[in-house]
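Participant: Right, I'll just put the structure down here and ask away after.
Please treat every number below as a calculation from the coordinates, not as lab data. Not measured: the values here are computed from a predicted model. When we count neighbours, we look across all protein chains shown, and the Cβ atoms used for this are built from the backbone with ideal geometry, even at glycine.
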Amino acid sequence: MDAGIIRNFKLFYRQQHVRHLVRCVDEDRNCNINLREAIAYISQAWGSVKRETISNCWRHTGLTSQPLNDTLDSESSVREDIAELTSKLPIENPMNAADFIAVDDTEQTSDELTDGEIVLIAMNGNDEDEEEDGEDPPRPPVTMKECHLCVDNIIRYCEENRDFEKHLTPMLSLLKDIECKRTNVKKQKTMFDFFKK
């Protein structure tokens with residue numbers, strides 16, 4: 001039942017992945033995807049899966065008798081976008097979009113563990129998950145001032161580009177919240193602060 005949903009989700013995730021690669025090449029920076037970016041891409045991809053796709057998967061089970069909706073148009077436009085983005089990458093002989101989307105279709109994604117394997121993992125701990133190769137060093141936390149500046153720049157960008165006007169109201173609301181937080185964070189001086197030697 002869920003094969004169509006997973007295929008559609010993967011299609012949108014791959015689109016986010018290729019956009020990330022093109023952005024990194026344009027900005028001449030490392031193309032590794034960190035955990036925050038991966039979660040954002042997963043969220044965007046899931047948000048792009050249409051209600052019709054999920055409904056069609058239910059209809060394929062035979063539990064409902066409603067006719068199937070055609071969702072191939074949106075999939076083909078995403079495939080075209082991936083193909084166009086892939087052509088922008090400085091790679092000799094890149095794989096075509098269909099191969100890129102299906103690159104991990106043959107990978108095993110799950111396996112049943114025996115009771116003995118479960119006991120062994122429970123007794124020894126699973127060290128495989130704890131050892132991550134090539135992990136980026138932790139970045140310092142973003143300061144309130146940096147956050148304010150970034151949101152302010154996004155607001156300016158939304159004001160200058162009509163395509164992004166719909167994002168202006170939430171950004172203004174976010175800026176207001178940041179400014180309130182900044183004023184609340186400032187610690188009030190005590191009487192003793194005035195009498196320091």
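Participant: Excluding Leu11 itself, what net charge comes from residues whose Cβ is under 11 Å from its Cβ, given Lys and Arg +1 and Asp and Glu -1?
Facilitator: Values: positive: Arg7, Lys10, Arg14, Arg79; negative: Glu75, Asp81.
Here the count lands on +2.
Participant: State the extension gain, in nm to one decimal, for the chain segment bounded by Glu179 and Ile6, taking 0.36 nm per residue of separation less the distance between their alpha-carbons.
Facilitator: Numbers: separation 173, 0.36 × 173 = 62.28 nm, distance 4.11 nm.
Using 0.36 nm per residue and subtracting the Cα-Cα distance, I get 58.2 nm.
Participant: Let me ask another. For the cross-link pairs Lys10/Lys181; Lys50/Lys181; Lys10/Lys166, which exceed 29 Å when the distance is taken from alpha carbon to alpha carbon?
Facilitator: Working: Lys10/Lys181 38 Å; Lys50/Lys181 37 Å; Lys10/Lys166 27 Å.
From Lys10/Lys181; Lys50/Lys181; Lys10/Lys166, over 29 Å: Lys10/Lys181; Lys50/Lys181.
Participant: Please report, to one decimal in angstroms, the Kirkwood hydrodynamic radius of the range 144-186 built from all distinct Cα-Cα pairs. Please list the in-between numbers first.
Facilitator: Working: mean 1/r = 0.0943 Å⁻¹.
For the range 144-186, inverting the mean 1/r across all distinct Cα pairs yields 10.6 Å.
Participant: Tell me, Kirkwood radius of the range 3-104 from alpha-carbon pair distances, in Å? Could you put the intermediate results ahead of the total?
Facilitator: On the way: mean 1/r = 0.0672 Å⁻¹.
Its Kirkwood hydrodynamic radius stands at 14.9 Å.
Participant: Exposure proxy check: Phe195, Phe12, Phe100 ranked by fewest other beta carbons within 10 Å?
Facilitator: Phe195, Phe100, Phe12
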